[in-house]
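The values are calculated or read from the model by the stated rules, or taken from the named source; none is laboratory data. Everything numeric in this text was worked out from a predicted model, so none of it was measured. Glycine gets a Cβ as well: all are built from the backbone with ideal geometry, and neighbour counts include every protein chain shown. Side chains are part of the model used for accessible areas, which takes the heavy atoms of the whole protein and leaves out ligands, DNA and RNA. Shrake-Rupley method; radii C 1.70, N 1.55, O 1.52, S 1.80 Å.
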Amino acid sequence: IQNSKQNLNIGTQYLFPYHRYIIPLHYNLLLQPNFISLSFKDSVSIQIGGLQVTNATVLNQNHTHLSKQVAALPVLHNPSHEQIGIFSPRVLNSGQKHFLYIEFEAKLTEGFHGFYKSTYRTSTGETRTLAATRFEPTSARRAFPGFDEPNFKASFSIRIRQTPEYISLSNMPGVSTVEVNDGFLEDQFDASMSTYLVAFVICDLKSVHATTSSGVQMSIYASPEKSQQTTYVLEVLVKMLDFYEEYFNIHYPLPKITFKFSLWCILMSCNVRH
């Protein structure tokens, strides 16, 4: 993708008609945050399917910057609607599958939207940094270019690279962990969902685990100094899920539930709840 400087000045009422031509089928997303520069420079390969004949693909993009020229493809920017239009020299036929590969970079955001920086303080006064996501309703486009609308469901292969002192978490259990260049570990997670439900965390938190009577793995992650304070909470959560499954006669549909524990509250940070 060529990051063209051309902007589309077409007024605030116009949307690119992306929903009638192309749909996403699968995302292969690679992320590697840098906790020194508080940034990330990563890639996404999107398998797309054509619904109608077109040479344009429209994606949602906000905060990220395209950084790789894969081919000399013109890109139109529509900042007011957080969209980009990418034009292919070849026609994308209906009923066929195609691949769109993009490399991009961005800073970890401040606040609690998109792919953001968070911190906690140890008892010795050291500030530790982690990276987490909050994509609902339309902030996945702050972390990677994609079809960031609720009706665009697709499968995801998410690969996250981090140094050994960190761990990565996502919606579903990890598929594999391999060592890659420069001593980094790469974790892979697979799931199917809309972009606003995608979630991942890169952190140095510690965890306690338990399994419900129906086989659902429940975990609570907390700062290392507070991880033992979560044991009682975990026992209560396991009993609650067992009770509700029996009471409603409905089995929890996913293999795990993951919580992030803080001093003030318990946040369901890495679990698909829909």
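Exactly one residue out of F243, F259 is open to solvent by 60 Å² or more (accessible area, probe 1.4 Å) and either at pLDDT 95 or above or outside any helix (DSSP H, G or I) (or both), and it is F243. Here S194 meets the list (1) open to solvent by 60 Å² or more (accessible area, probe 1.4 Å); (2) in the same structural domain as Y120 (by the TED database) almost entirely, failing just condition (1).
Residue by residue, here is whether (1) among the hydroxyl-bearing types (S, T, Y); (2) at pLDDT 90 or above; (3) open to solvent by 20 Å² or more (accessible area, probe 1.4 Å); (4) under 30 Å from I167 (Cβ atoms) holds:
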| residue | (1), (2), (3), (4) |
| --- | --- |
| K68 | no, no, yes, yes |
| S94 | yes, no, yes, no |
| T127 | yes, yes, yes, yes |
| F135 | no, yes, no, yes |
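Please work out if F152 is over 28 Å from D242 (Cα atoms) and part of a loop (DSSP other than H, G, I, E, B). Against the criterion (over 28 Å from D242 (Cα atoms) and part of a loop (DSSP other than H, G, I, E, B)), F152 qualifies.
Could you check how many residues of region 105-123 are over 17 Å from D42 (Cα atoms), part of a strand (DSSP E or B) and open to solvent by less than 40 Å² (accessible area, probe 1.4 Å)? Let's see the steps before the verdict.
Taking region 105-123 and keeping what is over 17 Å from D42 (Cα atoms), we get 110-113, 118-123.
Within this subset, residues satisfying the condition of being part of a strand (DSSP E or B) are 118-121.
Next, only the ones that are open to solvent by less than 40 Å² (accessible area, probe 1.4 Å) stay: 118.
The number of residues fulfilling the criteria is 1.
Just to be sure before I move on: is L73 modelled with pLDDT under 90 and either open to solvent by less than 80 Å² (accessible area, probe 1.4 Å) or closer than 30 Å to Q162 by Cα (or both) in the structure I sent? Criteria met by L73. Looking at region 229-255, I want the residues that are under 15 Å from A210 (Cα atoms) and have a partner that is open to solvent by 50 Å² or more (accessible area, probe 1.4 Å) and of a type in the set (V, I, T) with Cβ atoms under 8 Å, at least 6 apart or on another chain. Which pairs are those? Within 8 Å, the pairs are V233/I266; V238/T211.
The set of residues in region 159-197 that are closer than 30 Å to N78 by Cα and modelled with pLDDT of 95 or more comprises R159, I160.
When each of S176, S213, S170, S194 is tested for being closer than 24 Å to K256 by Cα and free of Cβ contacts under 8 Å to residues at least 24 places away in the same chain, the lone residue that passes is S176.
Would you point out which residue out of I102, I84, I46, I23 is β-branched (V, I, T), in contact (Cβ under 8 Å) with a residue 60 or more places away in the chain and either surrounded by fewer than 19 Cβ atoms within 10 Å (Cβ to Cβ) or not in a strand (DSSP E or B) (or both)?
Details: I102 fails: either surrounded by fewer than 19 Cβ atoms within 10 Å (Cβ to Cβ) or not in a strand (DSSP E or B) (or both); I84 fails: either surrounded by fewer than 19 Cβ atoms within 10 Å (Cβ to Cβ) or not in a strand (DSSP E or B) (or both); I46 fails: either surrounded by fewer than 19 Cβ atoms within 10 Å (Cβ to Cβ) or not in a strand (DSSP E or B) (or both).
Sole residue among the options that is β-branched (V, I, T), in contact (Cβ under 8 Å) with a residue 60 or more places away in the chain and either surrounded by fewer than 19 Cβ atoms within 10 Å (Cβ to Cβ) or not in a strand (DSSP E or B) (or both): I23.
In this structure, S227 qualifies as assigned to a helix (DSSP H, G or I) and of a type in the set (G, A, S). Listed conditions (1) assigned to a strand (DSSP E or B); (2) within 21 Å of the chain's Cα centre (by Cα); (3) among the aliphatic types (A, V, I, L, M) are all met by M172, apart from (1).
Scan region 115-126 and give yes if some residue there is touching a helix residue (DSSP H, G or I) at 6+ places or on another chain (Cβ under 8 Å) and charged (D, E, K, R), otherwise no. Scanning region 115-126 turns up no residue that is touching a helix residue (DSSP H, G or I) at 6+ places or on another chain (Cβ under 8 Å) and charged (D, E, K, R).
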